[in-house]
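Inspection log for the structure reproduced underneath, given as structure tokens.
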Amino acid sequence: MQYRAYKFTELKEAYSWDLPTQDEGTFKFWNYDTLTYAAGGVAIRYEIDSDYTVANNSTVYIAEETRAVAGQIIALIDDTGTYDVGVITSVDNEKRKILYKSLLSLFDGAELNPTRDNGTGGEDDPVISYLYDGVEGAGRIIAAYYASKNTDRYKRLPIVVRTSGGGKDGSGKYNVPAIWDYTGNTVNLRTWLVDLFNKHNVIVQFRLVFETSRAYIDVFITHNTTEGHILKNNIHGMTVTHTEDSAAAATVCQVIDSETKTLLSTWYLLSDNTVTMDASSPNRVQPYKLTVSEFDADNDDGATEQTIAEDALRYNDFNHYISVKIDRNSAMMPKDLKIGDAITVVTELDDMMAGDAIVEDYSERVWRSIYTGRKESSDSSEVTLIFGKIRINYTDLIQMQTMRAVRGT
């Protein structure tokens, strides 16, 4: 295994790229920098902790001292190509190790809230809707922060943003309707992106692209609806751990006016994951857990009190934790898993008949979930695949609590 570290170097001539706007036009963004080689060498061992929802460090142990420094991009490379990428957080030459986090950490910091004044619509200050498309809107926000003409040179990134699965359908409605409910002066973009994943399964994928005269980070934002992965719990040496589903974080939403703080309406979560204003509905989800959401009655984006309540109350079917330990060389190891991919874990197979449909005929013997990350070490051939959106590992919980405390959320 080899490692390579890349720094950002200013280009002699900037180049532009486009993203779609809300009105189905295009908006131009700019790259002033490129990725250039900074350091590299032999990686003698690695420990990867790649979890989309938790910003844990991964570690690579190197054979010799390195010139790599914190803030640079690192890539682990094996015989098949790039094995893992991340942002270096620290370098310890005495112990010959480099710590790094997911490239999602590029966006881990306080930024000026784009809706504090609703934007001007200009090239450096695009309007962000109260109700927005979670895919294309996310692309525009990221691009505006890091690839606008007037972005601070020490903040800008050599990125190209692409999107898929967003925009509007034939009736003019957003494919991935999301509510921008951040009301403070600042917002942490990584926290927002994880929220988009938790609520709408919108994910951000990264890869490094090297062209003849420039190199950049490809940022691909998509609404992941991929299904079909099946793991059968009869593989020799495979261990499956499953926790009970967690209850909904909130079951009642009181919507208040964002200006006057007057109570406008109260909504209740139902067992079929819809909402109602009928407090006596027989299928209300219990127990009573209140959340309060603000509503801008003057918005012209199509948001309503109901859409605000739905965004706040609807829980995810994957509110659980499943870990699967499996040999990376096993023929049953799922191939090409991407964050947000749906997967079915079959727990019992003994009496299944040919032709039976797993999900329909054996619904009580399968666990449906989505892929959220992996943990592995070069010291072992065993890989731990992580599914679901609840975290039970102590260090993961501490990391998440620390992030919330620092961000004031």
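The values are calculated or read from the model by the stated rules, or taken from the named source; none is laboratory data. Treat the numbers as computed from the prediction; the structure is a model and nothing was measured. Methodologically, a virtual Cβ is constructed for each residue, glycine included, from the backbone with ideal geometry; neighbour enumeration extends over all protein chains shown. All accessible areas refer to the heavy atoms of the entire protein, side chains included, with ligands and DNA or RNA removed. Shrake-Rupley method; radii C 1.70, N 1.55, O 1.52, S 1.80 Å.
Computed over the alpha-carbon atoms, the stretch 239-331 gives an Rg to Rh ratio of 1.18, Rh here being the Kirkwood radius from the mean inverse distance. Given a 1.4 Å probe and the protein chains as shown, M333 ends up with an accessible area of around 30 Å². A simple spin-label model places the labels of Q2 and D327 3.0 nm from each other, with each point 7 Å out along Cα-to-Cβ.
Please work out the FRET efficiency for the pair Y83 and N283, using the Cβ-Cβ distance as r and a Förster radius of 41 Å; give the result to the nearest 0.05.
That gives a FRET efficiency of 0.30.
The phi-based Karplus calculation (6.51 cos²θ - 1.76 cosθ + 1.60; θ = phi - 60°) puts the 3J(HN,Hα) values of the stretch 282-292 at x, 10, 5, 7, 10, x, 6, 9, 8, 10, 10 Hz, whole numbers, x for Gly and Pro. Within the assembled protein chains, the solvent-accessible surface assigned to T241 is about 60 Å², based on a 1.4 Å probe. The simple spin-label model puts a point 7 Å past each Cα toward its Cβ; for S16 and K149 those points are separated by 0.8 nm. Among T274, V252, T212, which residue has its Cα positioned farthest towards the positive end of the charge dipole of the stretch 186-345, with +1 placed on the Cβ of Lys and Arg, -1 on the Cβ of Asp and Glu, and the dipole taken about the Cα centre? The listed residue farthest towards the positive side: T212. To the nearest 10, the accessible area of K101 is 40 Å² with a 1.4 Å probe.
Here the stretch 66-89 is scanned for amide nitrogen atoms under 19 Å from the site 7 Å beyond the Cα of F206 along Cα-to-Cβ, giving 68-78, 81-89. Rounded to whole numbers, the Karplus 3J(HN,Hα) couplings from phi for the stretch 335-345 are 9, 6, 5, 10, 3, x, 5, 7, 9, 10, 9 Hz, using 6.51 cos²θ - 1.76 cosθ + 1.60 with θ = phi - 60°, and x at Gly and Pro. Could you tell me whether the stretch 1-46 comes out rounded, prolate or oblate from its Cα gyration tensor? Rule is a ≥ b ≥ c as square roots of the eigenvalues, rounded for a/c under 1.5, then prolate if a/b exceeds b/c, otherwise oblate. Oblate is the answer for the stretch 1-46, as a/c is 1.5 or above yet b/c matches or exceeds a/b.
Modelled label positions at A247 and D181, each set 7 Å beyond Cα in the direction of Cβ, lie 1.9 nm from each other. When the C-alpha to C-alpha distance is required to be over 27 Å, the pairs from K28/K155; K28/K389; K28/K199; K7/K199; K95/K325 that qualify are K28/K389; K28/K199; K7/K199; K95/K325.
In this structure the amide hydrogen of A38, modeled in the peptide plane, comes within under 5 Å of the amide hydrogens of A5, Y6, K7, none closer than 5 places in sequence on its chain.
Residue order by solvent-accessible surface for V240, V176 is V240, V176, largest first, with ligands and nucleic acids left out and a 1.4 Å probe.
Take the Cα of S377, step 7 Å along the line toward its Cβ, and report every residue of the stretch 60-94 whose backbone nitrogen sits under 14 Å from that point. Taking a point 7 Å out along Cα→Cβ of S377, the residues of the stretch 60-94 whose backbone N falls under 14 Å are 60-61. Tell me whether the stretch 140-295 comes out rounded, prolate or oblate; compute the Cα gyration tensor, take square roots of the eigenvalues as a ≥ b ≥ c, and use a/c under 1.5 as the rounded threshold. Since a/c reaches 1.5 but b/c is at least a/b, the shape of the stretch 140-295 is classed as oblate. Remark: the T260-K28 segment gains 79.7 nm on full extension, using 0.36 nm per residue and subtracting the alpha carbon distance. If the chain linking D169 and T239 were pulled fully straight, counting 0.36 nm for each residue of separation and taking away their Cα-Cα distance, it would gain 21.0 nm.
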